[in-house]
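Report on the following structure.
The values are calculated or read from the model by the stated rules, or taken from the named source; none is laboratory data. Predicted model, so just to flag it, every value in this text is computed and none were measured. Note that we place each Cβ from the backbone using ideal geometry, even for glycine, and neighbour counts take in every protein chain shown.
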Amino acid sequence: MTEPPLLDIRDLHLSMTSFDGEAHVLAGVNLSVRRNEVWGVVGETGCGKSLTGLSISRLVPSPPARYLGGEILFDGRDLLSLDEAGMRNLRGHRIGMIFQDPTTNLNPAFRIGEQLVDVALAADRRNPDILGVAARAGWRTRRRAARDVAVRTLAEVGITDAAERIDAYPHEFSGGMRQRVLIAMALIGRPDLLIADEPTTALDVSVQSQILALLAGMVRDHAMGVILITHNLGVVAKACSHVAVMYAGVIVESGPVAALLRKPSHPYTRALMASIPTSGVRRGELKGLPGQVPNLIKPPRGCRFAPRCAQAAEACRAGPPQPVDLGGGHMAACLKPGPAAEAA
């Protein structure tokens, strides 16, 4: 019997109001994540990757955001139907979030330990097992227990001498170490779902490899589901079990990483992979994608990629293409996916 998805996003539509008008930024996103799966969400800047992740945690401010339709089912509950109090009970506890920039997401005025202890105390209010102390324990006992949890979690994410380093300020840590602190914050609540928004951006290659290995170990040890938002297909190939390719607020192709990277079937996915430099590409020969991302206030009819697609036909502009099952969970939202599109 197949395990039901931990997270099931169904036909999610989101608009954002600006001075120029209302932009339809998510236009029917569908994504299912099970435990022990790491889904990479990849695409150009502005395609809706981060907004999808923030929508799961309901961290998109409304206004200017407005959900036009769809469901975000987490363990069978629609998160869009919950009030703010209900979401607070899930954030940091069952749904963890690693934000993109540790420099702006750690308070420079407080020691690392103070920030981690606050997270542990807040998580304990929702799950008393986290601190492991009696419900009637005093404030000092609870803070000591929270500090112990913070030290253990820092050590778990690879911070050496965690008992001493916990009293350091964020500026005393390197970029990679600050990223590990954010991961520790997300782990303290023992989440079932972890959303990592470009956790390796601006890190050097060796530190990036360490962070990806850490995420893989967390999935193995805690049976979590993970959504890893990134621009880097190399990161997807190394760290993810599945991948969803987004373009202009739509998932155009998805499936197991090995199958999708071996046989990319949507023209946009092939264009992304063709833009990756290889050892045989000389200066000036790197392929680019012609055209521009569409204006989402007045998006094109039908397939949003059609204006930039060399294989586009009139049928592509008639309506949004439905995902085609290519086998083994590999899906592509294209009228002529795969080699047929190349030959068209």
Sole exception among (1) in contact (Cβ under 8 Å) with a residue 40 or more places away in the chain; (2) under 26 Å from His330 (Cβ atoms); (3) within 17 Å of the chain's Cα centre (by Cα) for Ser32, by number: (1)
Residues located in segment 176-206, provided they are of a type in the set (S, T, N, Q) and in a helix (DSSP H, G or I): Gln179, Ser206
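Scan segment 110-150 for residues that are hydrophobic (A, V, I, L, M, F, W, C) and closer than 14 Å to Asp167 by Cβ and jot them down. Spell out the reasoning first.
Pass one, segment 110-150, residues hydrophobic (A, V, I, L, M, F, W, C): 110, 112, 116-117, 119-123, 130-131, 133-135, 137, 139, 145-146, 149-150.
Correct list: Phe110, Ile112, Leu116, Val117, Ala150.
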Residue match in segment 264-275 (condition: touching a Phe, Trp or Tyr at 6+ places or on another chain (Cβ under 9 Å) and farther than 27 Å from Asp11 by Cα): no
Which numbered condition Pro264 fails, given (1) touching a residue at least 24 places away in the same chain (Cβ under 8 Å); (2) assigned to a loop (DSSP other than H, G, I, E, B); (3) surrounded by 19 or more Cβ atoms within 10 Å (Cβ to Cβ): (1)
Condition broken by Ser32, with the remaining ones in (1) outside any strand (DSSP E or B); (2) hydroxyl-bearing (Ser, Thr, Tyr); (3) touching a strand residue (DSSP E or B) at 6+ places or on another chain (Cβ under 6 Å) satisfied: (1)
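Of the residues that make up segment 208-228, is at least one of a type in the set (Ser, Thr, Tyr), assigned to a loop (DSSP other than H, G, I, E, B) and over 26 Å from Pro294 (Cβ atoms)? Reasoning before the result, please.
Narrowing segment 208-228 to residues of a type in the set (Ser, Thr, Tyr): 209.
Checking the rest, the ones that are also assigned to a loop (DSSP other than H, G, I, E, B) come to none.
Within segment 208-228, not a single residue is of a type in the set (Ser, Thr, Tyr), assigned to a loop (DSSP other than H, G, I, E, B) and over 26 Å from Pro294 (Cβ atoms).
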Checking Tyr67 against (1) among the hydroxyl-bearing types (Ser, Thr, Tyr); (2) more than 14 Å from the chain's Cα centre (by Cα); (3) surrounded by fewer than 14 Cβ atoms within 10 Å (Cβ to Cβ), the condition it does not meet: (3)
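So if I check each of Ile183, Ile188, which one is under 18 Å from Ala239 (Cα atoms), among the hydrophobic types (A, V, I, L, M, F, W, C), crowded, with 19+ Cβ neighbours inside 10 Å and under 24 Å from the mean Cα position of the chain (by Cα)? Give the steps one after another, and end with the answer.
Numbers: Ile188 fails: under 18 Å from Ala239 (Cα atoms).
Selected residue: Ile183, the only one of Ile183, Ile188 that is under 18 Å from Ala239 (Cα atoms), among the hydrophobic types (A, V, I, L, M, F, W, C), crowded, with 19+ Cβ neighbours inside 10 Å and under 24 Å from the mean Cα position of the chain (by Cα).
Considering only residues of segment 1-53 that are hydrophobic (A, V, I, L, M, F, W, C) and surrounded by fewer than 19 Cβ atoms within 10 Å (Cβ to Cβ), which is modelled with the lowest pLDDT?
Met1
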Neighbours by Cβ (under 6 Å, 6+ apart or cross-chain): first from segment 279-305, among the basic types (Lys, Arg); second surrounded by 17 or more Cβ atoms within 10 Å (Cβ to Cβ): Arg304/Ala248; Arg304/Val250; Arg304/Pro294
Single unsatisfied condition, Gly291 versus (1) at positive phi; (2) modelled with pLDDT of 90 or more; (3) not aliphatic (A, V, I, L, M): (2)
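Would you confirm, using the coordinates I've provided, whether Pro199 is closer than 30 Å to Phe74 by Cα and modelled with pLDDT under 85?
On the way: closer than 30 Å to Phe74 by Cα: yes; modelled with pLDDT under 85: yes.
So Pro199 fits the description; yes.
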Restricting segment 157-175 to residues that are crowded, with 18+ Cβ neighbours inside 10 Å and either hydrophobic (A, V, I, L, M, F, W, C) or at pLDDT below 90 (or both), the residue that is farthest from Val205 (Cα to Cα): Ile166
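Report yes if Ala258 is over 30 Å from Gly21 (Cα atoms) and assigned to a helix (DSSP H, G or I), otherwise no.
Spelling it out, Ala258 is indeed over 30 Å from Gly21 (Cα atoms) and assigned to a helix (DSSP H, G or I).
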When residues of segment 133-175 are limited to those that are polar (S, T, N, Q) and in a helix (DSSP H, G or I), the one nearest to the chain's Cα centre (by Cα): Thr153
